[in-house]
Amino acid sequence: MRGMAGYEESMKLDYERVFTVQPARPVTYFGIGAIKKIDDIAKALKEKQLDKVVIVTDAIVWKETKVEKYIKPAFENNNIKYAMYDKVRPNPTYASCDEVANMAKEFGAKAFLSVGGGSHNDTTKTAAALLKHPGKTAQDMYEKIVWVYDAIPIVSINTTHGTGSEVDQFAVAQSDGGYKPLIAGPALYPMYAIEDPALTLTLPKKQTISTSLDAFHHSFEAATTRVRNPYSTLLSATAIRLISKWVPVAAVEPDNITARYWLMYASVLAGISFDIALLHLTHALEHPISALNPKATHGIGLTAIFPAILNVTYKVFPELSAELLAPIIPELEGVPGEAEYAEKKIEQWFADIGCPEKLKDLGFTESDVSKLVENAMTSPMSKPLFDVSPVEVSEGLVKTIFERSLAKR
Ligand SMILES: [Fe+2]
């Protein structure tokens, strides 16, 4: 039995901080068979005279999910012309976003349809913003404009259960200088999103685990930022409970549609949670990892550093952390002295569900720490995330986290 002062007290809220209680902006269709809603969406696009659409995807997702059989007739029946860009790469670069924007300009696109996960949404959002900012490049968007007030409409068909990007107002891309900066703003919310768990059945095992863990980290971080609120924390707690229950099932039974249903639902809740309460240390410190090693998967990079971060943040939020982690580590009592125990247990759980990778496995050694720290401290993405971190962020703290994530424990 945890020595909880009570769930409400555990959040340590500032009751005078006013927040907006609102769901994410897109009209989000959720459920098995939600892909058929593309008919209604195509009709609505036609009514809004958005009749030229660029589909942004990659060849594997397009083939594996077989969404063409729904999208093609929906667009053709509503006289919507479309062009395909099927070369989205993981961790999109400025250049790849510019390429999509230029192609869409030439085509005369009035809207975009993203089919895929986070990288597809990031590419699409950046290109959609560029179409409303003539003469600008992705570099201008990320390094000068940042807050985006205008973009052409986006429809997003989600095919993973991690990103949350289809329900949020953010996008990231990789800069030429090895950073992963952020653009944000209400114009980046998709107009419609489709969340059909059946589209995730072909996700390979490693991606099943890494995308689910991305959603886990969105949840835990959003619940513990300085701008947390009871709504985001509730969404996060539910998402963590669902992920802890269903990710071990989906990892061994990829065809289990019930597991896919709940994992996708958890990723939507997590996406809404961080859309309104933001993220902090884990995402800020993962971006240098995937920026310096673009082959590092986002969800795995987050998981490699989370235990060392939990060791720090647990001491600030012992009761809330114990509450959030109860489905995974039920014996936690919610006292600061358990931080190291929580760190070890969560690391063990990550390994048990199939994500044992440490920072070393992602190609980093002790000699890379200074590079990682420098990138984290100077990345434009870090400042907004450090600003809402539950602990004061210093170069020393960041160094300790990377060092602890490299050390054998
Ligand atoms: Fe993420």
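The values are calculated or read from the model by the stated rules, or taken from the named source; none is laboratory data. Worth saying up front: this structure is predicted, and the values here are computed from it rather than measured. Ideal geometry is used to build each Cβ from the backbone, glycine not excepted, and the neighbour counts take in all protein chains shown. Note: areas computed on protein heavy atoms with side chains; ligands, DNA, RNA excluded. Shrake-Rupley method; radii C 1.70, N 1.55, O 1.52, S 1.80 Å.
At-a-glance table
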item	result
Pairs where the first residue, in segment 99-112, is in contact (Cβ under 8 Å) with a residue 24 or more places away in the chain and of a type in the set (Phe, Trp, Tyr) and the second is part of a loop (DSSP other than H, G, I, E, B) and surrounded by fewer than 24 Cβ atoms within 10 Å (Cβ to Cβ), C-beta under 9 Å, 6+ apart	Phe112/Leu131; Phe112/Ile152; Phe112/Pro153
The listed residue being in contact (Cβ under 8 Å) with a residue 60 or more places away in the chain, crowded, with 17+ Cβ neighbours inside 10 Å and closer than 17 Å to Leu213 by Cα, out of Leu325, Leu320, Leu372	Leu325
Counted residues, segment 275-312 - those being away from the ligand (no atom under 14 Å from the Cβ), in contact with an Asp or Glu (Cβ under 8 Å, 6 or more places away or on another chain) and of a type in the set (S, T, N, Q)	1
Residues of segment 149-184 classified as buried (at least 24 other Cβ atoms within 10 Å of the Cβ) and away from the ligand (no atom under 15 Å from the Cβ), total	7
Candidates Ala284, Ala296 - the one that is open to solvent by less than 10 Å² (accessible area, probe 1.4 Å) and part of a loop (DSSP other than H, G, I, E, B)	Ala296
Filter result for Gly135 (open to solvent by 10 Å² or more (accessible area, probe 1.4 Å) and on the phi > 0 side of the Ramachandran plot)	yes
